[in-house]
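Asks: So that we are looking at the same thing, I have put the structure below in structure tokens.
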């Protein structure tokens, strides 16, 4: 059992060179370019009791707007109304982001503080979208850095040959029906997609 940071360092060693020095405290041309081309992020938050949440967010490339070199704007739309991420932001104001670009094995990580707003002035910045966000997450950057490609290379995430055939995988409706022990007829994948498309 590993119980201390010193044990970790004995096993893994210490970061050196570029790995140690790559953490920036604001955006520059390459991180800006990465964010502008990313259609997908994983948003991680925590509440004051330490309960965690990691939630996907997506849109056309550039859906996350760059207010300036130290601040990002993430539109938030109506979802399932659990509000896990948003509640955590209200609670602790802490956030971590992982930006991904299909076909690119590197990712961009951003850590910092977050707040929520319904300011019309800010929401208007997303007027080009098909629908207006309900609120906006304002991220103030503390750390930004590129993450190496090893995880994506190992997983072959972007390789078409690693894609699963949806027809050979249970639909979300089937999985939820089993998980909840429901006797209702599960919603089909096509019906679920049709329902989602009305609200994207």
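Asks: If the chain between residue 111 and residue 8 were fully stretched, how many nm would it gain, using 0.36 nm times the residue separation less the Cα-Cα distance? Provide the component values of the computation, followed by the final result.
Replies: Working: separation 103, 0.36 × 103 = 37.08 nm, distance 2.24 nm.
The residue 111-residue 8 span can extend by a further 34.8 nm.
Asks: What is the order of 106, 121, 156, fewest Cβ neighbours within 10 Å to most?
Replies: 121, 156, 106
Asks: Let me ask something additional. Using a 7 Å offset from the Cα along the Cα-to-Cβ direction at both residue 91 and residue 120, what is the distance between the two label points in nm, to one decimal?
Replies: 3.3 nm
Asks: Next up: Suppose we keep just the alpha-carbon trace of the chain; what are its Rg and Dmax in angstrom?
Replies: When restricted to the Cα atoms of the chain, Rg and Dmax are 19.4, 58 Å.
Asks: Among 40, 163, 34, which comes first, second and so on when ranked by fewest other beta-carbon atoms within 10 Å? Please list the in-between numbers first.
Replies: Details: 40 16, 163 10, 34 20.
Least to most surrounded, the residues fall as 163, 40, 34.
Asks: Sort 148, 136 so that the residue with the fewest other Cβ atoms within 10 Å of its own Cβ comes first and the one with the most comes last.
Replies: Working: 148 12, 136 21.
Ranking 148, 136 by Cβ neighbours within 10 Å, fewest first, gives 148, 136.
Asks: Run lengths n ≥ 4 of DSSP H only: what is the helix-derived mean residue ellipticity at 222 nm for the chain, with -39500 (n - 2.57) per run over all residues, to the nearest 500? Intermediate results must be reported in sequence, preceding the final value.
Replies: Values: 8 runs with 58 residues, N = 200.
Taking each H run of at least 4 residues, the total per residue is -7500 deg cm²/dmol.
Asks: Let me ask another. Would any residue of the stretch 79-102 have its amide N under 18 Å from a label point 7 Å out along Cα→Cβ of residue 25? List them or say none.
Replies: So the set is 95.
Asks: Please find, in a Gaussian network model of the chain (springs between Cα atoms separated by less than 10 Å), the residue of 62, 181, 79 whose mean-square fluctuation is greatest.
Replies: 181
Asks: Using alpha carbon centroids, what distance separates the stretch 53-72 and the stretch 82-126, in Å?
Replies: Each part's Cα centre sits 6 Å from the other's.
Asks: Rank-order 65-72, 45-52 by packing density, defined as the average count of other C-beta atoms within 10 Å over each peptide's residues, highest first.
Replies: Numbers: 65-72: 15.2, 45-52: 13.0.
In decreasing order of mean packing, 65-72, 45-52 become 65-72, 45-52.
Asks: Taking R0 as 22 Å, what FRET efficiency do you get between residue 189 and residue 160 from their Cβ-Cβ distance, rounded to the nearest 0.05?
Replies: Details: r = 20 Å, r/R0 = 0.90.
With a Förster radius of 22 Å, E is 0.65.
Asks: Continuing with the same structure: Spin-label point model (7 Å from Cα, Cβ direction): what's the residue 54 to residue 172 distance in nm?
Replies: Roughly 1.8 nm, to one decimal.
We did not get these values from a lab; they are worked out from the coordinates using the rules stated. Just so it is clear, the model here is predicted, and its values are computed rather than measured. No Cβ is skipped: glycine too gets one built from the backbone with ideal geometry, and neighbour counts run over all protein chains shown.
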